[in-house]
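Okay, so here's the structure we're looking at.
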Amino acid sequence: MDALIQRQEAATIFMKAAKKLRMPEIDTLNAQITGEVNDSSKQRVKAIVALELFGPEVTKTKIGVDYHAKQNMLRKEAATLISEAIFKLAP
């Protein structure tokens, strides 16, 4: 089943995968984000935005990027996001 998850949940899964792959720089990635994001997910969303792992569904402004963290995405979309992130960060 391809259930929905929130975009910030996908960011959390990505961060866990990155840490398992021993990518310490993941905690230092930073970006200006706007919009509603759970406090516990902010650094994770900042990392996704810093790596530009998003499509046209986000909103870019002069003050930052609204990742629409609380919107749902399909698990297969999250898997694609995580896969692309790993390829970007792999040495």
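The values are calculated or read from the model by the stated rules, or taken from the named source; none is laboratory data. As the structure is a computational prediction, the values presented were derived from the model and not from experiment. Don't worry about glycine lacking a Cβ; one is built from the backbone with ideal geometry, like all the others, and counts go over all protein chains shown.
Below are the figures for this structure:
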quantity: Segment 20-41 residues that are at positive phi, paired with ones that are at pLDDT 95 or above and crowded, with 16+ Cβ neighbours inside 10 Å (beta carbon under 9 Å, 6 or more apart); calculated: GLY35/VAL65; GLY35/ASP66
quantity: Residue in segment 36-44 that is exposed (fewer than 13 other Cβ atoms within 10 Å of the Cβ) and in a loop (DSSP other than H, G, I, E, B) present; calculated: yes
quantity: Only listed residue being of a type outside the set (Gly, Ala, Ser), at pLDDT below 90 and in a loop (DSSP other than H, G, I, E, B), chosen from GLU25, GLU9, GLU52; calculated: GLU52
quantity: Only listed residue being assigned to a loop (DSSP other than H, G, I, E, B) and not basic (Lys, Arg), chosen from ALA78, ALA17, ALA69; calculated: ALA69
quantity: Subset of segment 17-35 [loosely packed, with under 12 Cβ neighbours inside 10 Å and either closer than 17 Å to ALA69 by Cα or within 9 Å of the chain's Cα centre (by Cα) (or both)]; calculated: ASN30
